[in-house]
Each structure stands twice: as C-alpha cells, then as structure tokens.
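What follows is a structure written as structure tokens; I'll ask about it next.
What follows is calculated from the coordinates using simple rules that are stated; it is not laboratory data. It should be emphasised that the depicted structure is a prediction, and the values quoted were computed from it without experimental measurement. FYI the Cβ positions are ideal-geometry reconstructions off the backbone, even for glycines, and counts take in every protein chain you see.
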C-alpha cells in the first residue's frame, strides 16, 4: 500500500485516477492545483508517490517537479502523465528525478502497473541505503546468470541421456570470463561503450519477445546511465546504422527503435560465438535460429525499411 498524491486540474480525471488506485489498495490524496499539492506534500510526509498531469494552467509538470524536489521533506517518487510526450521532455524530466511516464490515454491496468514499478524501485532503494550498492544491477545480472546456468543444466541433462555429454561441469568463473571476454571484444572492435552495447542487447531481447521499443522506452531500460548520455548513444547508434528510428504510424510524436540488419548481425554474431564456447556441439556458428526467435527476423526486416 502506498500513500499517493494525485494532481490533475480536471476534477473528473482526478476522481477516475483516485478510484483506480484506491481500488488497488492505495491511500489517495487529491489536488486540482499545484500550490495546494505542494502544501499537502509538506503537511503529509507519509506521501511517497506523486502522480501528476503535465499540462496545467498554473505551471507545467516539470516546473511542479522542481518545486517538489525543493521541499524540505523526504523526496517522493514522481510519475508524470501527458498526452504529448517528447524526447526533450523525457530527458529533462529524468534529469529532475521523475521516475516514470504515462501517456494519455491510459488504462487502469497501466496505472496500477506503473505504481507497482515504483514499489519495486522503492524496495531496491531501501536495500541500497542499507549498504547494498547497485543492487538493481546485481539483481539483473544474477537473474541473467541464473537463467544461463539453467540452460546449461538442461542441455547437459539432455545430452547426458545419450551417454555422451560434451559439456560436463562448467565452472562458474569460466562461464563468466567467457561472456566478459567476448563482450569486450565486440565493444572494442565496434568502438562502442557499455551503454550502447546494453541498448543493442535490450533491443535484441525485445525482438525475441516480439515487442518494439520506443526511444523513451529504450532510454528507460538504461536507467543506470544519465538521460543525456543515453540520448547521445541512441543518436550515435542511428548514425552508425546499428539501429533505426521509425515514426509511429498512429502517433507522429513517437518513434520506435529497431535493430537494423547491421545491428542484428552484430548481436547474432556475438551470441553465436558465445554459444560455440558454451555449447560446442549444439550451436552452429552463424545460425540465426539459435540466437533469435522468428519474431526477431520480422523486426529486423521492419527496421531495414
């Protein structure tokens, strides 16, 4: 349960948002005026989340966030709701400390899901404050490693049933060293950095799930790096033709990002080499079917338009 301040100059929208979040078990505090909202935040330190509209008569969302961050109280998590998001707005909002965006029109499920992400982030932040630096990154890497080791175990069990398992016991450090070495080789050879590489891998992962990421969505996925740096990396990857930006046919203000054939080949080559090292008899070099699902082939074709 969270104490949430909802700010919207439209009373009808305010009631709807409050109803959705109250039904999800949260305590809601409503305000139709930014000044009143700031006063409420000052009086009620138990409020930990702010859900605010962007366009308001008195001040816009970014101006409101600046005032929120200047209050003499524990800093709340701020989410902005807007019908007209832009890259400049997202970058400036992230710089100020906004943790998430919702685009109008939005659904009750999306609102509840966004608050759920805030709860997860708050839990991570509390653990970090207790002496676990970069816990979010450690969790992500641990999950990836666990999934990889599970695949190793499954492959070994499958092959050992024939009496000729080629994998055998794979030392954890050897697995990590192999991944790190191949990754570094790709980064150095292509003159990339970790932020750019992580973006390429995030796009590959999204393609495997059959999803497309917007520019802002790709930037949010790299939340451990500043927004300014991420935007520069996006532009650089576009210029070098590793990724392509495609306007949304339904919303000209939004652009999707896809791996180009060049970017797809880079990621596929890396994963194929990694597979050769870890599964020498089960992965054929350069075989895209061992790397991406058929959804990625479709996405790569789209990105090459």
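Multiply the residue gap between residue 249 and residue 69 by 0.36 nm, knock off their C-alpha separation, and tell me the result in nm, one decimal place.
Between residue 249 and residue 69, full extension yields 61.1 nm more.
With a ≥ b ≥ c taken as the square roots of the eigenvalues of the C-alpha gyration tensor of segment 1-63, please select rounded if a/c is under 1.5 and otherwise prolate if a/b is larger than b/c or oblate if it is not?
oblate
Report the extension gain between residue 277 and residue 117 in nm, rounded to one decimal, defined as 0.36 nm multiplied by the number of residues separating them, less their alpha carbon distance.
Here the answer is 54.0 nm.
Please give the peptides 197-209, 25-37, 64-76 ranked by average Cβ packing (other Cβ atoms within 10 Å per residue), highest first, as a rough proxy for protection.
The packing order, highest mean first, is 197-209, 25-37, 64-76.
Note the per residue figure in Å³ for the convex hull of the C-alpha positions in segment 3-129.
103
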